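Here the structure is laid out as structure tokens; the discussion comes afterwards.
The values are calculated or read from the model by the stated rules, or taken from the named source; none is laboratory data. Here the structure is a predicted model, which is why all the values come from computation and not from measurement. Note that we place each Cβ from the backbone using ideal geometry, even for glycine, and neighbour counts take in every protein chain shown. Side chains included, ligands, DNA and RNA excluded: accessible areas come from the protein's heavy atoms. Shrake-Rupley method; radii C 1.70, N 1.55, O 1.52, S 1.80 Å.
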Amino acid sequence: MPTGVPIEFAHVTKSFGAVDAVSDLSFTVEPGQVTGFLGPNGAGKTTSLRMLLGLVTPTSGTATFGGTTYGRLGSPLTTVGASLEAASFHPGRSARNHLAVYAQAAGLPSTAPDAALEKVGLGAYGARRVGGYSLGMRQRLGLAFALLGDPSVLVLDEPINGLDPEGIKWIRLLLRGMAAEGRTVLISSHLLSEVQQTVDDVIIISHGKLVHRGELSSLDVSDSKQVQVNADDRERLAEVIRSAGFEVANLRSGVLVENADAAAIGRLAFDAGIPLTALSQKRTGLEESFLTLVGEEGAL
Amino acid sequence: MNIVASLRSEITKLTSTRLWWVLAVIMVGYVALCAGGLAAILSGVGTQAGAPVLSDAQLPPLIYSFATSVGYVFPVLLGALAVTSEFRFQSLTPTFLATPRRGTVLAGKMTALVLAGAMFGVLALVASMGAGAAVLGAFGIDPQLGSPDTWAFVGRSILAMALWAAIGVGLGALVPSQIAAIVIVLAFTQFLEPLLRFGASITDWSAAIGKFLPGAASDALVGSSIFTLTSGGGTQLEWWQGALVLAAIAAVATAIGYFTSWRRDVS
């Protein structure tokens, strides 16, 4: 059973001219769980992963696998499996040959390409030219490349992007299974909702800086102070709540009350004799906290 | 060991797309047409009274050298495309993930292309000698297929084609844009260099420089060409000097390309 090594970023900075794409990024990704690497588009996720994989040279700092940089790994593909973007293929080459090219370069057994294709469900399409693949199939082929050497560390950039619901369910199970086997799994995404059922830990960056690091549940700020309420006589309901000293905003489907809890608002309405048609405490939820952390750009 | 793995991988890259055989088919057809066609014209001229441009003994090497004199652009294109397609399709990412030592990748690619260039040389010679010898024989001229000189020429031609593929690799590393590389190859080999060689042959001092042009060096290496015939062929390098000039061009272009494009960030 392959045992994962931790991924360690230590004060990694990458400058393009005067602009810092990534600045002083430090974090550790532990084996045995799925870690989400999140941030809006342009936050520096891909640049960070490319530095980790030795494709981009950091301006300063180091990104290593248990202390060893990618370039110094004795057998890179059996240690780390990586998939970056969906389009790194020669369109005229078949999927099997695409994988064979890299299996040969890494000295892997000649059975590795077919085994990897089977694992990602492309076994029947190995002889087809990659140029004819759909986006979802390309994503799977990218994943097959990552799995080629049965690595103990997986680094995947936006692996869920472009998959259909069935594919998302499938990759979720696959990644959870690999983490359960003790491997290190790091996946990036610009959408928290895309990975929130898959990841245990999250690392959130924005503008190239670390803004949050912790368990997924640490993002769940459920002590919301907003109440949504509605009644047939909405005008009067709003008036009653306002006169009790609350701040009120009109919504399409009712009234939003700031800094209140549902029980107090319900009692107010009962005392005033107004029959309610809806009453609920609004939950902020993970996505909201994520957007707050990454700033306005996250809304794009 | 790593370089062997890299070489295997690069050979698979070459053979797993259609490019190599499409180029090979066009090259064989083009070379055979030129060699056969010129053999027919020159043999026909030679049999008419009063116009013996060439002796029957000079004819076969001239005809056979179409393998390189018109065929050399194909290994250059193969080499250049092998490098530039890695940039174009962003396949440098998986390539460098599988082999993080980029120098090893480039060395493997260079070796694979030198072998492929030699194979293109064999195919081009089959075309030029096959078509040429058949036509010469039909006109009753000895095709000299048994002559040791002919087989020495064959060896030098294969070396020339291998070196041209190496120059293609260097050019691709130097000019990673696929379109730009193709335009440079075609413009230089089909237009600029023939013009330069013709221009250089006009005065003695320019001819001394002109003999170092890659095409001239290639003709010197091969020992015979339609160009040396038309430009008098007085000033030529020794065959081994021609080989060194081609190898040096390939080495310098590859080295500069390695430091400028190959080692850059892959994003």
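Given springs between every Cα pair under 10 Å in a Gaussian network model of chain B, which of B:Ile202, B:Ile184, B:Ile158 has the largest fluctuation? Looking only at B:Ile202, B:Ile184, B:Ile158, the largest GNM fluctuation is found for B:Ile202.
Put a plus charge on the Cβ of each Lys and Arg, a minus charge on the Cβ of each Asp and Glu, and nothing anywhere else: the dipole of region A:65-135 about its Cα centre is then about 120 debye. Kirkwood's formula applied to the C-alpha pairs of the protein assembly as shown gives a hydrodynamic radius of 28.0 angstrom. DSSP beta bridges confined to the protein assembly as shown are antiparallel in about 65 percent of cases. Within chain A, which is the longest segment that contains none of the GluC sites (Glu not before Pro) sitting in a DSSP loop with at most 11 other Cβ atoms within 10 Å? Formally, the longest exposed-site-free interval is A:1-246. Can you pull the percent of Cα pairs in region B:124-255 with separation above 21 Å? So the pairs more than 21 Å apart make up 49 percent of the total in region B:124-255.
The charge dipole of region A:7-218, taken about its Cα centre with unit charges on the Cβ of Lys, Arg, Asp and Glu (plus for the first two, minus for the last two), comes to roughly 560 debye. First obtain the Kirkwood hydrodynamic radius of region A:84-194 from its Cα pairs, then insert it into the Stokes-Einstein equation at 20 °C and 1.002 mPa s, and state the resulting D in µm² per second as a whole number. D = 151 µm²/s. When the trypsin sites (Lys or Arg not before Pro) in region A:82-167 are filtered for DSSP coil states and for at most 15 other beta-carbon atoms within 10 Å of their beta-carbon, the remaining sites are A:Arg128. Contact-buried residues of region A:65-94, at a threshold of 50 Å² lost accessible area versus the chain by itself: A:Ser88, A:His90, A:Arg93 (1.4 Å probe; DNA, RNA and ligands ignored). Between A:Asp200 and A:Glu215, the modelled label-to-label distance comes to 1.1 nm, taking each label 7 Å out from Cα in the direction of the beta carbon. Only counting protein heavy atoms at a 1.4 Å probe, give the residues of region B:6-25, ordered by number, whose accessible area falls by 20 Å² or more when the other protein chains are present relative to the chain alone. Listed in order, they are B:Arg8, B:Ser9, B:Thr12, B:Lys13, B:Ser16, B:Thr17, B:Arg18. Label separation (B:Ala180 vs B:Val126): 3.7 nm, computed from points 7 Å beyond Cα along the C-beta direction. Overall, chain B carries a charge dipole of about 980 debye about its Cα centre when +1 sits on the Cβ of Lys and Arg and -1 on the Cβ of Asp and Glu, all other atoms neutral. Contact with the other protein chains removes 50 Å² or more of accessible area, compared with the isolated chain and a 1.4 Å probe, from these residues of region B:92-118: B:Thr93, B:Pro94, B:Leu97, B:Ala98, B:Pro100. Building the convex hull from the alpha-carbon atoms of region B:20-108 and averaging its projection over directions returns 7.7 nm². Here the simple spin-label model places points 7 Å from the Cα toward Cβ, and for A:Asp232 and A:Ala244 these points are separated by 2.1 nm. Counts of other chain beta carbons within 10 angstrom of each beta carbon in peptide A:49-58 average 3.
Evaluated at 20 °C with a viscosity of 1.002 mPa s, what Stokes-Einstein diffusion coefficient in µm²/s does region A:7-218 have when Rh comes from the Kirkwood expression over alpha-carbon pairs? For these conditions, the coefficient is 123 µm²/s.
Summed over both chains, the accessible area lost when A and B associate is about 2500 Å², using a 1.4 Å probe. Listed values for region A:226-235 are Karplus-derived 3J(HN,Hα) couplings in whole Hz (6.51 cos²θ - 1.76 cosθ + 1.60, θ = phi - 60°), namely 10, 10, 9, 9, 8, 8, 4, 9, 5, 4, and x replaces Gly and Pro.
Rounded, prolate or oblate: which fits region A:227-282, taking a ≥ b ≥ c as square roots of the Cα gyration tensor eigenvalues, rounded meaning a/c under 1.5, else prolate when a/b beats b/c? Rounded, because the longest to shortest axis ratio a/c is under 1.5. Among the protein heavy atoms of the protein assembly as shown, carbon and sulfur supply 60% of the accessible surface, probe 1.4 Å, non-protein parts ignored. Per residue, the protein assembly as shown exposes 44 Å² of accessible surface when a 1.4 Å probe is rolled over the protein heavy atoms with every protein chain present.
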